[in-house]
Every structure is written in C-alpha cells, then in structure tokens.
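**Q** Below you'll find the structure I mean.
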Amino acid sequence: MDSKPCIASLTVKTSHVLPPDTNGHGTLFGGELMAHIDDVAAIAATRHARKPVVTASTDSVDFLYPVKEGDTICLEAFVTWTHNTSMEVFVKAVTENLLTGERKVCTTAFLTMVALGEDNRPTTVPNVFPESKEEKLLHEGAPKRAELRKERRKQSKQMAKSFGTGFPWNENSRFGNNPS
C-alpha cells in the first residue's frame, strides 16, 4: 500500500447559512456545524483510504466565533496521520460575511475515522506523509493526541460502565430503577 501526501485527501465544503440552520440568536446551530465537520472529515478520510469509513471519535470542538445567518461556512479537512486502520483528520471551519469579506476561523477539530473492509470490520489504510510546515506540525503532534484519545476512551468506557443503561442512576431516587 503506497503512502499518500496529506494534501491528497484535502476536502473543501462551503455552505450558505440559511434561516433553518440557525438558532434563536440568528447563529448557526452548534450541532449543524458539527454535522458539517463530521461530513467533511468522512469525505477526506474516504478519499485517503478509498474505503468506507466511520467516525471513531471527535476531539473537543470549541466554538470560537459565531456563524451568522447569511454568512458562509467553509470547512477544510485533510488526513494528518494514520495508524493501522485509523486516520486522524484535521478540520478547520471559516466563517465569512459575504458582504464585508470578513473571515474568521470559527472552529478547529480533530476526528478519528476508521476504514472498513468488505466485511464491515476495520481494515488497514495507507500511511500519510506531510509536506508543508503546517502539515508537519500536525503530523508530529498526532501520536500525543492519539494517546490522549486512548486515555479519554478508557475513561468514557468506565463512565458508561458506572452509569449503566438505566435512569436515574441513583437507586435511592424517588423514581426507583424504572428506566421509563
């Protein structure tokens, strides 16, 4: 399997922010932006692996600036690092006021995508190599981010085990253990 440059997976998606995409403040719903992020990351990962992919994790998403109704949101994504069956994808979202031309980076995120084989099980992906200064910076930091994700996943599994599937979790609650 030949290695590929980061730029080979570059995916760009621009959308106009319309009234149904916004909340009561006239800004893009956070969940709508997260859906755009997941979509563009999946396209970049699929472009790299040339196989179907699923989202394994999304690192924290910080909303740095609001995206206003009438603005555009432009997302850029590319694979920064690979590890056997998984790919780290960097996503940058830029909001633009089309009337003034003002642009701001409103969000950055890292997602981990896993490639699937014909049996719907994880399958190997090509290695990726950085070329630009920015790609090298992201590539070099990826093993540390992967280790942090691994620890966070371990903690999430423990939390899921502790809380279980019932609600509420406190058996002494006035609601009892009835999940309905």
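The values are calculated or read from the model by the stated rules, or taken from the named source; none is laboratory data. If you're wondering where the values come from, they're calculated on a predicted model, not measured in any experiment. Please note: Cβ atoms are built from the backbone with ideal geometry, for glycine as well, and neighbour counts cover all protein chains shown.
**Q** Would you confirm whether any residue within region 47-58 is out of contact with any helix residue (DSSP H, G or I) (no Cβ under 9 Å at 6 or more places or on another chain), free of Cβ contacts under 8 Å to residues at least 60 places away in the same chain and over 18 Å from SER86 (Cα atoms)?
**A** no
**Q** Moving on. Cβ contacts < 7 Å: first residue under 13 Å from ILE73 (Cα atoms) and free of Cβ contacts under 8 Å to residues at least 24 places away in the same chain, restricted to region 99-121; second residue outside any loop (DSSP other than H, G, I, E, B) and hydrophobic (A, V, I, L, M, F, W, C), any location; separation 6+ or different chain. Result?
**A** So the pair list comes out as ARG103/VAL94.
Each row is one residue, and each column tells you yes or no for (1) among the hydrophobic types (A, V, I, L, M, F, W, C); (2) under 28 Å from VAL67 (Cβ atoms); (3) in a loop (DSSP other than H, G, I, E, B).
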site: PHE90; (1), (2), (3): yes, yes, no
site: THR107; (1), (2), (3): no, yes, no
site: LEU111; (1), (2), (3): yes, yes, no
site: VAL114; (1), (2), (3): yes, no, no
site: VAL125; (1), (2), (3): yes, no, yes
site: GLU131; (1), (2), (3): no, no, yes
site: LYS136; (1), (2), (3): no, no, no
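**Q** Still on this structure: Among THR85, THR112, THR100, THR80, which is modelled with pLDDT of 95 or more and surrounded by fewer than 18 Cβ atoms within 10 Å (Cβ to Cβ)?
**A** That would be THR100, the only listed residue that is modelled with pLDDT of 95 or more and surrounded by fewer than 18 Cβ atoms within 10 Å (Cβ to Cβ).
**Q** Still on this structure, I have one more. Within region 35-57, restricting attention to residues that are under 9 Å from VAL89 (Cβ atoms) and within 9 Å of the chain's Cα centre (by Cα), which residue is surrounded by the most Cβ atoms within 10 Å (Cβ to Cβ)?
**A** For region 35-57, the residue satisfying everything is ALA41.
**Q** Would you confirm whether or not region 121-138 contains a residue that is farther than 16 Å from ILE7 by Cα, at pLDDT 95 or above and exposed (fewer than 12 other Cβ atoms within 10 Å of the Cβ)?
**A** yes
**Q** Let me ask another. Would it be correct to say that GLU32 is among the acidic types (Asp, Glu) and either over 16 Å from the mean Cα position of the chain (by Cα) or not in a helix (DSSP H, G or I) (or both)?
**A** The answer is no for GLU32.
**Q** Here's another thing I want to ask about it. May I ask you to verify whether VAL61 is among the β-branched types (Val, Ile, Thr), modelled with pLDDT under 95, surrounded by 16 or more Cβ atoms within 10 Å (Cβ to Cβ) and on the phi < 0 side of the Ramachandran plot?
**A** Answer is yes for this residue.
**Q** Could you tell me whether LEU10 is out of contact with any strand residue (DSSP E or B) (no Cβ under 9 Å at 6 or more places or on another chain) and surrounded by fewer than 18 Cβ atoms within 10 Å (Cβ to Cβ)?
**A** no
**Q** So, in region 1-29, of the ones that are in a loop (DSSP other than H, G, I, E, B) and under 19 Å from the mean Cα position of the chain (by Cα), which residue ends up nearest to LYS92 (Cα to Cα)?
**A** Among them, the one singled out is LEU10.
**Q** Further question: When region 16-32 is examined, which residues are found to be buried (at least 17 other Cβ atoms within 10 Å of the Cβ) and farther than 19 Å from THR58 by Cβ?
**A** Residues satisfying the conditions are VAL17, ASP21, THR22, THR27.
**Q** Of the residues LEU148, LEU64, only one is over 13 Å from the mean Cα position of the chain (by Cα) and in a loop (DSSP other than H, G, I, E, B); which?
**A** Exactly one residue qualifies, and that residue is LEU64.
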